[in-house]
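Q: Okay, handing you the structure first.
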Amino acid sequence: MSFIFFLKMLSSFFLLLFTLIFFFTKKKNKAKKLPPSPSKLPIIGNLHQLGKLPHRSLQKLSNEYGDFILLQLGSVPTLLVSSADVAKEIFRAHDVAFAGRPALYAAKRLSYNCCNVSFAPYGNYWREARKILVLELLSTKRVESFSSIRDEEVSRLVEEVGNSSNSYINISALALTLSNNVVCRVAFGKGNDESGENNGEKKFHEILYDTQELLGEFNIADYFPKLAWMNKFNGLDERLEKNFRELDKYYDKVIEDHVYSRNWIKHRDDEDLVDVLLRIQKDPNRDVPLHDSHIKGLLADIFIAGTDTSATTIEWVMAELILNPRVMKKIQQEVRQVAKGKLKVQETDLYKLEYMKLVIKEALRLHPPAPLLVPRVTTSSCKIMDYEIPENTRVLINATTIGTDPKYWENPLTFIPERFLNKEIDYRGQNYEFLPFGAGRRGCPGINFSILLVELAIANLLFHYNWALPEGMLPKDLDMEEALGITMHKKIPLCLAASYYD
């Protein structure tokens, strides 16, 4: 009898406790005007409403509840922005408050405890690291200096297509190899060695695919930080450590080769990015010292983010062209007219390819490389659209929803490059209805680097070859489903038949 009485007292105590928590939480939230929220479940909040492709399920939530809503994803309050108007207010008036990054579980490990530019907390180290990256790799002058490398690697891509004995060409794999080789050569001084296939190790593009999957898939620690221990039992920690070791081994080899070769460098013009980082590391007068983990974190940034953005854009452009024969014909006519009498399209020809630039913009509108951009976290409380946004609120900006908003785009789901004709709409973060690379302080710093490679690759693929679906395949058979990952690839690699254009 006394035990039953004890249980009743215990249940009454917990009931009272939860009532008090609910009362004070409600009172606290009443004092603040928070953005509207969909109804949520106990403990998990709105987590059950996230599907396999978060940007698509979040788009549905926005359509139902509004373009500026507050979600509770596990224990993490999360602001979802799906409107150009809200994005404009954030980036113009509150950019600093929205410049933080959450320490996501997989990203934190793969970036050496957030030592890269993409995931570093907003502050002195981030500013210094970004400055190094921009000045030594991504400035207009430096990007122009890599023209011979882009030319050689695109020529190699065209040659590989011509030498292929297959009845179809895996565009997705070739685009990734192209992008990876260019990044490796300009940043590390040499192309990527894919010889792992012959010695039992993974090929490098396979490591990259695994990395993207780990960065994009559901991770319980990102929504319930106190439950991170569960990753030891669900296999995620094992996969993450394996991937980390494979990448770390590669970075160690790159650094080791550069430490040895630095003895032969006489001029700074001979330096690649790793040489620069090693030189800076030895400078005792730096305000922010560079340790080995910082160097590897920056290499991870270049290697993962730098490779994937260009590759996925080439993949989606070619996929959309094959589904839109009218556009394909028009862009090929332009390319072949501009490069008439030449052996290939050169970078000096690109400024004349006006229609091709519209096609790439339209592909980026429908298929932004990172559909939710890179998540942010508020560094201080602020007020947006009359709503209070608390400090430490995670922020997701749905570039896919913004880029297909019928308020700004007529027939938003149809591929129409002409919509950009005679319009000053660019992807550099000043037109908030079009944010494939983000905006503000944390916008992608590698736009020039990526777009130039995409333009040169697309132009030459279309100049040299006619493209079609594999024999027996119809346009309706082409699967346009998106893959899981922080960068949005096609789930099924794009395979096309190529024939020489005479």
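Q: List the residues, sorted by chain then number, that are 5 or more residues from Tyr465 or on another chain and whose placed amide H is less than 5 Å from its amide H.
A: Tyr501
Q: Looking only at Cα atoms, what is the convex hull volume of the stretch 413-502 per residue, in Å³?
A: Working: hull volume 13.7 nm³, N = 90.
For the stretch 413-502, the hull spanned by Cα atoms encloses 152 Å³ per residue.
Q: Right, another one. Using amide H atoms built 1.01 Å from N in the peptide plane, name the residues 5+ places from Leu71, or on other chains, whose amide H lies under 5 Å from its own.
A: Counting only residues 5 or more places away or on other chains, the set is Thr78, Leu79, Leu80.
Q: Quick check: the angle from helix 236-261's long axis to the longest principal axis of the chain, C-alpha only, nearest 10 degrees?
A: For helix 236-261, the angle is close to 50 degrees.
Q: Taking a threshold of 22 Å on the Cα-Cα distance, which of the pairs Lys108/Lys296; Lys329/Lys357; Lys52/Lys407; Lys330/Lys491; Lys131/Lys296 fall above it?
A: Check vs 22 Å cut-off fails for Lys52/Lys407; Lys330/Lys491.
Q: I'd like the accessible area for Ser145: 1.4 Å probe, protein heavy atoms, all chains in place, Å² to the nearest 10.
A: Ser145 exposes around 70 Å² with every protein chain in place.
Q: Let me ask something additional. Using the alpha-carbon atoms, what tilt in degrees (0 to 90, nearest 10) does helix 325-338 show relative to the longest principal axis of the chain?
A: Once rounded, the angle reads 50 degrees.
Q: With a 10 Å radius around each residue's Cβ, average the other Cβ atoms per peptide and rank 33-40, 52-59, highest first. If you can, show how the numbers build up before the last one.
A: On the way: 33-40: 14.2, 52-59: 17.8.
The densest-packed peptide leads the list: 52-59, 33-40.
Q: Give me the one-decimal nm value for the distance between modelled label points at Tyr168 and Arg109, 7 Å along each residue's Cα-to-Cβ direction.
A: Between Tyr168 and Arg109, the label points sit 3.4 nm apart.
Q: Could you report the accessible area of Tyr125 in Å², rounded to 10, computed with a 1.4 Å probe on the protein chains as they sit in the structure?
A: We get 40 Å² for Tyr125.
Q: Along the stretch 294-303, what does the Karplus equation 6.51 cos²θ - 1.76 cosθ + 1.60 (θ = phi - 60°) give for ³J(HN,Hα), rounded to whole Hz, x for Gly and Pro?
A: The phi angles translate into 5, 4, 5, x, 5, 4, 4, 4, 5, 5 Hz.
Q: Could you work out how far apart the two model spin labels at Gln337 and Glu160 are, taking each label as a point 7 Å from the Cα in the direction of the beta carbon, and quote it in nm?
A: 3.2 nm
Q: I'd like the Karplus ³J(HN,Hα) series for the stretch 82-97: coefficients 6.51, -1.76, 1.60, θ = phi - 60°, whole numbers in Hz, and an x wherever there's a Gly or Pro.
A: Here the 3J(HN,Hα) series is 10, 9, 5, 5, 5, 4, 4, 5, 4, 6, 8, 10, 9, 4, 5, 5 Hz.
Q: A further question on this structure: Mind jotting down the distance between the C-alpha centroids of the stretch 429-445 and the stretch 367-383, whole Å?
A: 11 Å
Q: Can you list the aspartates and glutamates whose alpha carbon sits under 20 Å from that of Lys88, skipping same-chain ones fewer than 8 residues off?
A: Asp67, Asp386, Glu388, Glu391, Asp405, Glu424, Asp426, Glu433
Q: Report, in degrees rounded to the nearest 10, the 0 to 90 angle that the Cα long axis of helix 171-188 makes with the longest principal axis of the chain.
A: For 171-188 against the chain, the angle is about 90 degrees.
Q: In addition: Shape of the stretch 103-178 from its Cα gyration tensor (a ≥ b ≥ c, root eigenvalues): rounded if a/c is under 1.5, otherwise prolate when a/b > b/c, or oblate?
A: Numbers: a/c = 5.61, a/b = 1.74, b/c = 3.23.
Oblate shape, in that a/c is at least 1.5 and b/c is the bigger or equal ratio.
Q: Something else now. Could you work out how far the C-alpha centroid of the stretch 384-428 sits from that of the stretch 283-359, in angstrom?
A: Going from one Cα centre to the other spans 22 Å.
Q: When the accessible area of the chain is computed with all protein chains present and a 1.4 Å probe, what percentage of it is carbon and sulfur? Show your work: numbers first, answer last.
A: Values: 13740 of 24800 Å².
Answer for the chain: carbon and sulfur cover 55 percent of the accessible area.
Q: Roughly what would the spin-label model give for Lys344 and Met480, points 7 Å off Cα along C-beta, in nm?
A: The two pseudo-label positions are separated by 3.1 nm.
Q: Once the stretch 288-338 is represented by equal point scatterers at the alpha-carbon sites, with solvent omitted, what log10 I(q)/I(0) does the Debye formula produce at q = 0.13, 0.16, 0.22, 0.25 Å⁻¹?
A: -0.53, -0.62, -0.83, -0.91
Q: Note down the accessible area of Ser82, probe 1.4 Å, to the nearest 10 Å².
A: Here the residue's solvent-accessible area equals roughly 0 Å².
Q: Which residues' amide hydrogens lie under 5 Å from the amide hydrogen of Ile384, considering only partners 5 or more residues apart or on another chain, with H built in the peptide plane?
A: Amide H neighbours of Ile384, under 5 Å, 5+ apart: Ile389.
The values are calculated or read from the model by the stated rules, or taken from the named source; none is laboratory data. What you are looking at is a predicted structure, and each value in this text was computed from that prediction instead of being measured. Glycine also receives a Cβ, built like all others from the backbone with ideal geometry; neighbour counts cover every protein chain displayed. Accessible surface areas use protein heavy atoms only, side chains included; no ligands, DNA or RNA. Shrake-Rupley method; radii C 1.70, N 1.55, O 1.52, S 1.80 Å.
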